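Structure first, then comments.
The values are calculated or read from the model by the stated rules, or taken from the named source; none is laboratory data. Just so we're clear, the structure is a prediction, and the values are computed from it rather than from any experiment. Here the Cβ positions follow ideal geometry from the backbone for every residue, glycine too, while neighbour counts run over all protein chains shown. Heads up: the accessible areas ignore ligands, DNA and RNA and are worked out on the full protein's heavy atoms, side chains in. Shrake-Rupley method; radii C 1.70, N 1.55, O 1.52, S 1.80 Å.
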Amino acid sequence: MTSASAQYGSAFTEGVARTDGHTIRYFRAGDGDSLVVLHSAAGLRFSPLLDRLAEEFDVILFALPGWGAEPDDGRDQTVPELANTLYEATQDLGLKTFHLLGTTLGGDVALHIALDHPERVTSLVLEAPGTFHEGADPAPGNITPEEALRKVRIHPERRPVFEPPHPDAQVRMFELISRLQETDPDYQQNITERLPGCSVRTLVVFGDQDGFIPPQNGRTFARLMPDCSFVLLHDAAHDVQGDRGEDLGALVADFLTHGPEFRLPPDSALVAP
């Protein structure tokens with residue numbers, strides 16, 4: 001958690017979930033239907049998005065083992081293994097059903113949970129998921145923190161102000177991502193084959209200026225999944241909740257609250273495919 005995000009998340013309290021071989025931190029706030037949140041590869045942080053959602057939901061933000069400041073014991077070698085670990089954490093907390101929101105890497109993990117346990121997941125939100133990356137830079141780790149900033153945020157001055165990761169932390173993050181990808185070289189093909197059978201109502205959101213994952217990759221989800229809405233959020237890059245956190249929060253809350261009756265709002269900042 002960075003100092004820049006410390007002003008957010010004041011309502012959240014820390015707890016610990018235990019799964020087979022893992023002790024997983026989580027932060028929880030709010031009342032209502034449970035909403036499990038899985039962060040990006042950069043690690044856990046608080047944001048206006050989470051504060052907004054905690055006004056209506058029981059928000060549970062998990063710290064993914066091995067990512068950000070969390071220790072890496074090397075046990076989870078693939079995305080499905082990481083997903084199973086996080087699913088077991090939800091069961092340790094006694095969650096019978098829950099909404100699920102995942103950001104970038106967390107989106108990939110959330111997607112696997114929804115595919116493997118559709119009876120538990122009421123609805124799924126994927127923020128800039130990295131599942132498909134057609135047109136993406138084949139060597140994203142070979143960039144400076146300054147270049148990463150331009151790809152991640154259009155408005156780095158908006159709170160929480162974006163702090164580029166230390167070069168050593170950036171190298172570690174991309175090494176972990178490479179480990180997950182190299183361990184399962186058929187990952188994208190396997191996901192492509194499974195998505196048409198997904199029964200979970202899904203919202204996929206990309207910033208229209210995403211510099212890491214070309215936003216047109218969101219259309220792949222909409223094409224393959226039976227019940228999927230795809231939204232481009234204007235004036236946002238890869239870190240959608242950093243550039244447009246409050247707007248994203250309102251969109252996600254509307255999607256979760258209205259269920260099958262959700263309709264894309266007639267807002268010029270939102271573009272449907």
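Just a few scattered comments:
- Qualifying GluC sites (Glu not before Pro) in the range 15-124, DSSP loop, other Cβ atoms within 10 Å at most 13: E119
- Spin-label proximity, H155 to the range 238-265 - amide N less than 18 Å from point 7 Å beyond Cα toward beta carbon: 238-253
- Listed peptides 237-248, 22-33 by packing density, highest first (mean Cβ within 10 Å): 237-248, 22-33
- Efficiency of FRET between E147 and Q188 - r from beta-carbon atoms, R0 35 angstrom, step 0.05: 0.90
- 1.4 Å probe accessible area per residue over the range 27-131, in Å²: 30
- Label positions at E134 and E14, each projected 7 Å from the Cα along the C-beta direction, are separated by 4.4 nm.
- Sparsely packed chymotrypsin sites (Phe, Trp or Tyr not before Pro) within the range 77-134, loop by DSSP, other Cβ within 10 Å at most 15: none
- Under a model in which nothing but the beta-carbon of Lys, Arg (+1) and Asp, Glu (-1) is charged, the range 31-131 shows a dipole of about 140 debye around its Cα centre.
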